[in-house]
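Novice: The following block contains the structure, expressed as structure tokens.
The values are calculated or read from the model by the stated rules, or taken from the named source; none is laboratory data. Just so you know, these numbers come straight off a predicted model, no measurement behind them. So basically every Cβ, Gly included, is an ideal-geometry build from the backbone, and we count neighbours across all protein chains shown. Just the protein is used for accessible areas: all its heavy atoms, side chains included, with ligands, DNA and RNA removed. Shrake-Rupley method; radii C 1.70, N 1.55, O 1.52, S 1.80 Å.
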Amino acid sequence: MKVLVMNCGSSSLKYQLINMENEELLAKGIAERIGIEGSFVKHETTGKEKVLIEESMADHKVAIKFVIEALTHSQHGAIKSMDEIAAVGHRVVHGGEKFSGSIIIDAEVKTVLEECSELAPLHNPPNLMGINACQEILPNVPMVGVFDTAFHQTMPKESYMYALPYELYEKHKIRRYGFHGTSHKYVAMKAAELLGKSIEDLKLVTCHLGNGASVAAVKNGKSIDTSMGLTPLEGLVMGTRCGDMDPAIIAFWMEKEGLSIAEVNNAMNKKSGVLGLSGVSSDFRDIEEAASAGNERAQLALDVYYQRVKKYIGAYAAEMGGLDAVIFTAGLGENSTVARKEICKGLEFLGIKIDDDKNDVRGKETVVTTDDSSVKVLLIPTNEELMIARETKSLVG
Ligand code: ADP
């Protein structure tokens, strides 16, 4: 069974074709600048040369046509015909309170997704656009929606409610939803496998540290708390997002700088985080380099970042009443030896002992703590696409 995984943004579309008999990646690629001048598809079939297809792509439907063409191409393709695609799994950012698991997409599901667009105006509309375009091109192929929010729907009410007037929850569904659920679930399951334990018996803190970043408390296989909230702005310091702060700052900032709501929103999402603090970049590679060269603000940005992650690990250990393992994943979590080391520094009292040699590693599934560390720290590269394909297979298969 071959599953096509789709992740549609407003002007881009990432895809992977996975053979679910052996979970082998058959092909992957990205279409960029959809609807903008200079659009292209970068396609790579496993074991073949990468190709660049530069064509005008007015919308997602046209882009998907080029993707299908690339996948079925006689030279650089991975399959003979699009009939080999048994199902399509779509990443959908916001499933609101309706979806606590993945679901086969029908007209009713699409209506709910449209309703959820209010909660994720930047993400859900392009996700829906991708679903509609795929349905037009592959009308007989089942489509599955896999939600970033679904894994966190097991959070108890005390984790997801804000201490605001209760009517705001009833009227507008203002509550914590959490994101990166597919990634948190994948690495939690993988960690249990690597530790040789049942996930039912584990208390895990999963740290997804990419451009966007979030932490989750996964107790007995269920997410019981997570750092992102109604939107992906809450929680950790991120590349360009501020994460947790005193909400009174917003009004004060608007007044002092004469900003509109849209402007302050934009500044909190796009100009804050380690970019705002360091003034250097939102990319940790640049910031680590600047800090090593003596840039004090770059070092400060890293220190604030590390401390926030550490704070959540401690809080979640307290919430779960213990801790078996901490998992690092995504761009920074998988690649930065220094970030893992600094975040875990001072957590020896919890039973965490980083092994510097084992921690000197990138992008590979491994334990980075000493053998006598009672709490293990693991590096697990995330694979959201494979998780989406697995969910799709389990519903359609
Ligand atoms: P997203 O999927 O959220 O866009 P990723 O998970 O790809 O993000 O993470 C991207 C971030 O990971 C980059 O912004 C960069 O800061 C960080 N990163 C990637 N490689 C390294 C590295 N070798 N050292 C430090 N940070 C890295």
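Novice: If you take just the helices (runs of 4 or more DSSP H) that sit entirely in the range 307-378, which of them hold at least 2 residues that are within 16 Å of the ligand (Cβ to nearest atom)?
Specialist: Where helices (runs of 4 or more DSSP H) fall fully within the range 307-378 and carry at least 2 residues being within 16 Å of the ligand (Cβ to nearest atom), they are 330-335, 337-344.
Novice: For D246, state whether it is of a type in the set (D, E, K, R), away from the ligand (no atom under 16 Å from the Cβ) and in a loop (DSSP other than H, G, I, E, B).
Specialist: Yes: the conditions hold for D246.
Novice: Determine if the range 85-97 includes at least one residue that is modelled with pLDDT of 90 or more, open to solvent by 70 Å² or more (accessible area, probe 1.4 Å) and on the phi < 0 side of the Ramachandran plot.
Specialist: Checking the range 85-97: not a single residue is modelled with pLDDT of 90 or more, open to solvent by 70 Å² or more (accessible area, probe 1.4 Å) and on the phi < 0 side of the Ramachandran plot.
Novice: Right, another one. Only one residue in K48, K65 is open to solvent by 40 Å² or more (accessible area, probe 1.4 Å), within 23 Å of L386 (Cα to Cα) and touching a His at 6+ places or on another chain (Cβ under 8 Å), so which one is that?
Specialist: K48 is the lone residue from the list that is open to solvent by 40 Å² or more (accessible area, probe 1.4 Å), within 23 Å of L386 (Cα to Cα) and touching a His at 6+ places or on another chain (Cβ under 8 Å).
Novice: Take the range 1-33 and flag every residue that is in a loop (DSSP other than H, G, I, E, B) and under 20 Å from T72 (Cβ atoms).
Specialist: M1, M20, E21
Novice: Among the candidates L347, L323, which residue alone is more than 22 Å from the chain's Cα centre (by Cα) and free of Cβ contacts under 8 Å to residues at least 40 places away in the same chain?
Specialist: Of the residues listed, the single one that is more than 22 Å from the chain's Cα centre (by Cα) and free of Cβ contacts under 8 Å to residues at least 40 places away in the same chain is L347.
Novice: A further question follows. Taking the conditions exactly as written (surrounded by 15 or more Cβ atoms within 10 Å (Cβ to Cβ), touching a strand residue (DSSP E or B) at 6+ places or on another chain (Cβ under 8 Å) and farther than 18 Å from L119 by Cβ), does H184 satisfy them or not?
Specialist: When the stated conditions are applied, H184 passes them.
Novice: From the residues in the range 326-344 that are among the charged types (D, E, K, R) and over 18 Å from the mean Cα position of the chain (by Cα), which one is surrounded by the fewest Cβ atoms within 10 Å (Cβ to Cβ)?
Specialist: K341
Novice: N265 is checked against (1) within 12 Å of the ligand (Cβ to nearest atom); (2) surrounded by fewer than 20 Cβ atoms within 10 Å (Cβ to Cβ); (3) in a helix (DSSP H, G or I) and fails just one. What number does that condition carry?
Specialist: Evaluating N265 over (1) within 12 Å of the ligand (Cβ to nearest atom); (2) surrounded by fewer than 20 Cβ atoms within 10 Å (Cβ to Cβ); (3) in a helix (DSSP H, G or I) leaves (1) as the failure.
Novice: Report, by residue number, each residue of the range 29-64 that is free of Cβ contacts under 8 Å to residues at least 40 places away in the same chain and charged (D, E, K, R).
Specialist: Passing the criteria: E32, R33, E37, K42, E44, K48, E49, K50, E54, E55.
Novice: Given the conditions (1) surrounded by fewer than 16 Cβ atoms within 10 Å (Cβ to Cβ); (2) in contact (Cβ under 8 Å) with a residue 60 or more places away in the chain, report the number of the one that G229 does not fulfil.
Specialist: (1)
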